[in-house]
Amino acid sequence: SGNLSGSRWGLRGIEDLGSGLSALFQLENGFNIGTGALGQGQREFGRKAVVGLASSTYGTVTLGRQYDPIIDLVQGLTEDNYFGGVFATPGDLDNYDNSLRVSNSVKYTSPLISGFQFAALYGFGGVAGATGSGRTYSFGASYANGP
């Protein structure tokens, strides 16, 4: 089932709503190809399950189970992106190996502005009676410009 890239299947779609606005969704499931068992803690669509709106002017907002901004904006610059387990940190503390997804979250990703882009995520805790328990927040930024 892939040591560096797990087996998966999914559905992704985008619908142009006009005036630079689009609706989007992505459902992605991980599984063990040998047994058929679900991955990510036996969750259906445990890899990613989001809906959102994307604007060419204002950026993108997504809701659901998704990766944090570090994966979106920073991971591509790390050796984990190219050599996987060779450069992995013990326990994946930096999440560059995609082992953490944030459920019940809202993420905003800015449009590309002169090579600069940023993103912010807030994950609601989801623990009844303890609103702060299990909450998550993450921020990321990237800059790429020139030849």
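General observations
- Members of region 127-140 that are modelled with pLDDT of 90 or more and exposed (fewer than 14 other Cβ atoms within 10 Å of the Cβ): 137, 139
- On the stretch given as region 23-67, residues that are surrounded by fewer than 16 Cβ atoms within 10 Å (Cβ to Cβ), among the polar types (S, T, N, Q) and either in contact (Cβ under 8 Å) with a residue 60 or more places away in the chain or under 18 Å from residue 108 (Cβ atoms) (or both) total 3.
- In region 67-77, residue modelled with the highest pLDDT [restricted to those that are closer than 22 Å to residue 124 by Cβ and out of contact with any Ser or Thr (no Cβ under 6 Å at 6 or more places or on another chain)]: 67
- Residue count for region 3-16 under the criterion of being over 19 Å from the mean Cα position of the chain (by Cα) and without any contact (Cβ under 8 Å) to a residue 24 or more places away in the chain: the result is 2.
- Count - residues of region 8-65 that are among the aromatic types (Phe, Trp, Tyr) and in contact with a Leu (Cβ under 8 Å, 6 or more places away or on another chain): 3
- Here the condition is being within 12 Å of the chain's Cα centre (by Cα) and not in a strand (DSSP E or B); of 100, 121, it holds for 100 alone.
- Some residue of region 78-95 being at pLDDT 85 or above and of a type in the set (Phe, Trp, Tyr): no
The values are calculated or read from the model by the stated rules, or taken from the named source; none is laboratory data. Predicted, not measured: the structure shown is a model, and the values here were computed from it. All Cβ positions, glycine included, derive from the backbone under ideal geometry; neighbour counts span all protein chains shown.
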